[in-house]
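Notes to accompany the following structure.
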Amino acid sequence: MGKLVLYGLEPSPPVRACKLTLDALGLQYEYKLVNLLAGEHKTKEFTVKNPQHTVPVLEDDGKFIWESHAICAYLVRRYAKNDALYPKDYFKRALVDQRLHFESGVLFQGCIRNIAIPLFYKNETEVPRSKIDAIYEAYDFLEAFIGNQPYLCGTGITIADYSIVSSVSSLVGLAAIDAKRYPKLNGWLDRMAALPNYQSLNGNGAQMLIDMFSSKITKIV
């Protein structure tokens, strides 16, 4: 096995999804911080690794992969002892892929990034109510996805759970999860939070992002 290096920063949900996956696989890796607000992701050195200049980036024996879903899927295919986290069965994998696309397009892009970019890069301080409503709409979908299962794709954890928990745990500071309205989602989040090393791998970083939002937002309009 080559040397694994993960480039990222703690508040980033996609970075935390990769850290949860690496931990689940028992993989040792070096972690290198990249300060986005300081522009370190746009240096020549970093853009050689990732022309899209985003985090996370995984380096595996001198090869570079970016985009958290691609990284997590790669890690399972390359290093897992079985396919539990990313099933080879066509239907089961399609279900995981659907959840991953939902996280990418709806939760991260549609909810987190849609709020974060104006706050952190355009110095806006007010968030339209419609953006908070979009988070609750996403929660409605997740409640339906979980149904009577313990996890998002059935009875066992997959990389979809790691990916989605990284975003949901970052959104609760903007849109609290009412246990009466979302009992399935609330129960799932509790199960994920009970995982070994969850706090250090995801919980602390999620709180950092929540605090960053809180420090910038003056009003929901």
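Things to note:
- Projecting label points 7 angstrom from Cα along Cα→Cβ for Q52 and D211 puts them 2.9 nm apart.
- Estimated inter-spin distance, I220 and Q149, nm [label 7 Å along Cα→Cβ]: 3.0 nm
- By the combined test of axial Cα extent (at least 20 Å) and Kyte-Doolittle hydropathy (mean at least 0.0), the qualifying DSSP H helices of the chain come to 129-146.
- Mean residue ellipticity, 222 nm, helices only, the chain: the sum of -39500 (n - 2.57) across DSSP H runs of n ≥ 4, divided by residue count and rounded to 500, is -15000 deg cm²/dmol.
- Of interest is the spacing of the C-alpha centroids, which for the range 10-87 and the range 142-184 amounts to 22 Å.
- In the range 106-221, lysine pairs closer than 17 Å at Cα, eight or more apart or cross-chain: 5
- Heavy-atom accessible area order for V48, V55, largest first, 1.4 Å probe: V48, V55
- About its Cα centre, the dipole of the chain is roughly 160 debye, where the only charges are +1 on Lys and Arg Cβ and -1 on Asp and Glu Cβ.
- For the range 4-79, the dipole from Cβ point charges (+1 on Lys and Arg, -1 on Asp and Glu) about the Cα centre works out to 140 debye, to the nearest 20.
- Accessible area per residue for the chain is 49 Å², calculated with a 1.4 Å probe on protein heavy atoms, without ligands, DNA or RNA.
- Apportionment of accessible area to carbon and sulfur, the chain, percent (1.4 Å): 53 percent
- Estimated at the nearest 10 Å², the accessible area of D83 is 60 Å² with a 1.4 Å probe.
- Contact order relative to length of the range 1-124, as percent, for alpha carbon pairs under 8 angstrom and 6 or more apart: 23 percent
The values are calculated or read from the model by the stated rules, or taken from the named source; none is laboratory data. Remember, predicted model here, so these are calculated numbers, not experimental data. Note that each Cβ is placed from the backbone with ideal geometry, even for glycine, and that neighbours are counted across all protein chains shown. Heads up: the accessible areas ignore ligands, DNA and RNA and are worked out on the full protein's heavy atoms, side chains in. Shrake-Rupley method; radii C 1.70, N 1.55, O 1.52, S 1.80 Å.
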